[in-house]
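Novice: Can you keep this structure in mind? I'll have questions shortly.
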Amino acid sequence: MVKTDTGAGIGPATANSRVLQEAAVRYFLEVVRTGSIKEAATRLNVAPSAVSRQIARLESDLDTLLFERRSRGMVPNSAGELLAAHARRVEQDIERVTSEIQSLRGMRTGQVRIASVEGFAHDFIPTLIAQFQRRYEGVVFRLDVCSQGDVARRVRDGEVDIGITLSSVPEPDIRVELRHPCPIMAVLGEKHPLASRPQLSLREVTAYPLVLPLKSSTLRQLLDISCSRQGLRYRQVLVSNHADALVSYAAASELGVAFYGELSVRTRRGGNAVRAVPLRDREMNERYLEVQTLAGRNLQEAVHAFVQYLVAAIRADGDEGGGDAGDMDNAADGRLPGA
């Protein structure tokens with residue numbers, strides 16, 4: 001028999017069930033997410049020794065190892081993966097029940113956690129969050145900027161509620177709430193010789209110096225594929241992993257050309273600093289934005305409302321500033337435009 005702290009005897013199954021409900025699981029799950037006791041301790045604002053003790057306690061109580069200790073960090077083994085999946089479901093259920101209770105009390109509160117690639121996180125998403133909060137002041141947001149490949153993982157692991165990324169291959173356990181064209185546009189300073197053109201081709205813009213993202217970005221890959229197919233060569237004068245630095249350079253330059261997604265640059269197009277001009281080349285129009293959530297998960301009220309709001313804003317094609325206010329209000333109430 002296993003003894004409790006008060007000395008009462010309980011069976012092993014009961015003891016294990018109790019263990020899985022305790023705060024130690026939070027520490028365990030943070031180590032799974034970070035792959036490091038030290039990093040988990042930093043995020044939890046506790047000493048690394050406290051995290052180590054809780055992990056050791058879990059492994060002792062469950063009578064099994066939960067991690068493989070490797071030189072590059074800690075990776076959950078099969079038992080650890082099972083426990084992590086359970087812990088994530090518990091977290092999500094608590095969040096859902098809390099949201100439902102608040103709804104019964106008539107409260108308009110909640111938290112929405114978003115992971116997004118950089119291009120959408122500068123203006124587009126913050127603008128929509130501010131508009132949404134005019135109606136729901138009690139909803140708190142967290143916006144994390146991460147790489148394209150990391151967005152789906154964070155949604156799948158329950159670290160965020162919504163992922164906003166550029167589609168590549170289908171992801172397991174991911175529900176795609178919206179897949180929408182996200183064409184690449186040429187971004188030019190207002191004094192650029194091509195700034196007044198309604199449409200351009202890569203053959204025309206490669207006659208000018210280019211400012212480009214890293215080769216690992218989908219935008220750069222599509223650009224290079226299209227240039228290779230057409231036998232085009234270009235001269236790059238600035239390379240950066242910061243999209244806004246590229247746009248700022250184009251705004252200050254009379255000849256430089258940058259590239260940006262249509263949705264990302266939408267909030268900039270009304271200004272005088274830059275002009276965003278569509279590109280007619282096939283590859284420049286084969287990129288898609290995805291709004292992702294976890295498959296099979298019942299979304300909290302606030303998350304569900306913002307997903308609909310976001311989808312309505314993205315579908316408001318050509319409507320600078322994110323769509324009609326009436327349509328946005330309908331989306332926040334769970335009614336999409338035209339529904």
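The numbers here are math on the coordinates, done by the rules we state, and not lab data. The structure presented is a predicted model; accordingly, all values stated were derived computationally and were not measured. As a convention, Cβ positions derive from the backbone with ideal geometry for all residues, glycine included, and neighbour counts pool all protein chains shown.
Novice: Over the alpha-carbon set of the stretch 150-190, work out the extent along each principal axis and list the three values in angstrom, largest first.
Specialist: 44, 18, 15
Novice: Would you tally the net charge around GLY256, using a Cβ to Cβ cut-off of less than 12 Å, leaving GLY256 out, and scoring K and R as +1, D and E as -1?
Specialist: Residues near GLY256 contribute +1 overall.
Novice: Hey, another quick one. Quick one: 3J(HN,Hα) in Hz for the stretch 46-52, Karplus 6.51/-1.76/1.60 with θ = phi - 60°, rounded, Gly and Pro as x.
Specialist: 9, 6, x, 5, 5, 5, 4
Novice: Sticking with this one: By the scheme Lys and Arg +1, Asp and Glu -1, what is the net charge of all other residues having a beta-carbon under 12 Å from that of ARG220?
Specialist: 0
Novice: For the residue pair ALA245 and VAL140, what label-to-label distance in nm results when each label sits 7 Å from Cα along the Cα-to-beta-carbon direction?
Specialist: The modelled label-to-label distance comes out at 3.3 nm.
Novice: Nearest 0.05, what FRET efficiency do LYS215 and ASN285 give at R0 = 22 Å with Cβ-Cβ as r?
Specialist: 0.60
Novice: For the stretch 148-305, calculate the relative contact order in percent as a whole number, restricting contacts to Cα pairs under 8 Å that are 6 or more residues apart.
Specialist: This gives 44 percent for the stretch 148-305.
Novice: Another question about this same structure. So if R0 is 41 Å, what FRET efficiency would GLN111 and GLU254 give, r being the distance between their Cβ atoms, rounded to the nearest 0.05?
Specialist: About 0.35, to the nearest 0.05.
Novice: Another question, then. Whose amide H sits under 5 Å from the amide H of ARG113, counting only residues 5 or more places off or on another chain, with H placed in the peptide plane?
Specialist: So ARG113 has HN proximity to ARG142, ASP161, ILE162.
Novice: Sticking with this one: In debye, nearest 20, what is the charge dipole magnitude of the stretch 184-310 about its Cα centre with +1 on Lys and Arg Cβ and -1 on Asp and Glu Cβ, if you could check?
Specialist: Approximately 300 debye in magnitude.
Novice: Any number yet on Rg/Rh for the stretch 171-315, C-alpha, Kirkwood?
Specialist: 1.04
Novice: Next question. Where in the stretch 180-204 does the label zone of ALA273 land, with the point 7 angstrom along Cα→C-beta and an amide N cut-off under 20 Å?
Specialist: Once the point is set 7 Å along Cα→Cβ of ALA273, 185-196 turn out to lie under 20 Å by backbone N, inside the stretch 180-204.
Novice: Same structure again: Take the Cβ-Cβ distance between ARG57 and ASP150 as r, set R0 to 25 Å, and report the resulting FRET efficiency rounded to the nearest 0.05.
Specialist: It comes to 0.25.
Novice: Under 5 Å between amide H atoms, partner at least 5 residues away or on a different chain: which partners does SER36 have, H built in plane at 1.01 Å?
Specialist: MET74
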